[in-house]
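Following: one structure in structure tokens, then a few remarks.
The values are calculated or read from the model by the stated rules, or taken from the named source; none is laboratory data. In this text, all values refer to a predicted model and were calculated from it rather than measured experimentally. Here the Cβ positions follow ideal geometry from the backbone for every residue, glycine too, while neighbour counts run over all protein chains shown. Heavy atoms of the whole protein, side chains included, go into the accessibility calculation; ligands, DNA and RNA do not. Shrake-Rupley method; radii C 1.70, N 1.55, O 1.52, S 1.80 Å.
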Amino acid sequence: MAHFFGIDVGSSFIKAAVLDVDTLELRGIERAPFPEFIGGLPALYREADPLAVLNTVEALLERLTANADPCHGLVLCGQMHGFVLMNERGDAVSNYISWLDQRVTPAEFEELTGRITPAERGETGNELRPSIALPALSWLKRHNALPVGEATPVSIADFVAARLAGARAVLDPTQAAAFGALRIDRLQWHEEIIGKLGLNSLRWADVRPSGVVVGAWRGAPCYAAIGDQQCALAGALLREGELSVNIGTGSQVAMLGRTGGAEAHQTRPYFDGGYLRTITHI
């Protein structure tokens with residue numbers, strides 16, 4: 001019998017469960033609130049302590065371990081568009097800056113987007129919005145707030161995976177595209193955009209195909225985190241040509257197809273070479 005441990009680093013709650021791949025059942029479901037945002041910051045900032053997130057995940061894993069057979073693999077998904085900066089030792093050198101952060105002003109975002117051509121924006125799947133990682137990283141650069149030395153921006157779930165595995169973070173395309181700087185046709189970082197925003201001093205993590213192993217957690221393979229939207233739609237068994245309508249905190253509509261595109265809506269990498277054509281934040 002194969003048992004995987006699943007972790008969802010969500011915006012409201014962090015969830016954990018034992019995934020029985022033989023019976024297709026979830027067992028031992030656990031959850032804990034996502035750590036509160038740090039107080040005393042400017043009103044539009046939304047930052048959290050990444051170590052508090054890691055500690056919450058580790059506590060949930062201990063609860064799973066106490067009531068489950070040995071783990072054969074650790075799989076993760078998580079919220080997209082926010083980021084934390086890591087150094088070469090795997091330490092966090094910034095707080096987690098959430099996708100709910102609104103520090104980038106409309107004027108700053110307009111100036112930023114003026115440096116990126118419509119064609120370049122289409123090559124990244126039209127993900128660019130004020131609240132995602134790329135504008136926030138540009139804001140840190142503009143305000144001389146990037147850390148000194150090597151720093152790698154990763155999603156909060158990828159930070160957790162890297163720390164649990166004791167390895168360098170690698171990004172699944174579903175998470176990497178959420179930064180707004182991934183060429184979705186090549187699944188490579190868009191060097192022109194990164195250079196225009198002065199962010200080529202950062203070390204950008206390797207982007208690998210879905211299912212890549214980051215390292216080992218207690219002897220079991222630990223897989224790179226995937227985007228929460230793609231994970232949810234895979235769990236809903238979305239088929240090509242079907243329309244998904246999600247009514248919730250971050251309401252979305254999405255359709256699965258086999259080709260990307262530069263249309264006005266967003267295009268996100270999916271699994272097995274597919275793409276999600278989606279409209280978010282309705």
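Overview of values
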quantity: Solvent exposure of the chain as accessible area per residue, Å², 1.4 Å probe; calculated: 45
quantity: Residues with amide H under 5 Å from that of residue 206, placed H, sequence gap 5 or more; calculated: 171
quantity: Helix 156-165 vs. the chain, principal-axis angle (Cα, 0 to 90°, nearest 10); calculated: 50
quantity: Cα gyration tensor, the range 93-226 - rounded (a/c under 1.5), prolate or oblate; calculated: prolate
quantity: For the range 53-102: rounded, prolate or oblate by the Cα gyration tensor [a/c cutoff 1.5]; calculated: prolate
quantity: For the range 159-191 and the range 96-138, distance of Cα centres in Å; calculated: 17
quantity: GNM top mover of 91, 22, 185 - the chain, alpha-carbon springs below 10 Å; calculated: 22
quantity: Sulfur and carbon atoms: percent of accessible area, the chain [1.4 Å]; calculated: 54
quantity: Amide hydrogen neighbours beyond the local backbone of residue 7, cut-off 5 Å, H modeled; calculated: 75, 76, 77
quantity: Degrees between helix 50-66 axis and first principal axis of the chain (Cα, 0 to 90, nearest 10); calculated: 20
quantity: Assigned charges on the beta-carbon of Lys, Arg, Asp, Glu; the chain dipole about Cα centre (debye); calculated: 300
quantity: Inter-part distance where the range 10-61 and the range 69-87 are each reduced to a Cα centre, Å; calculated: 10
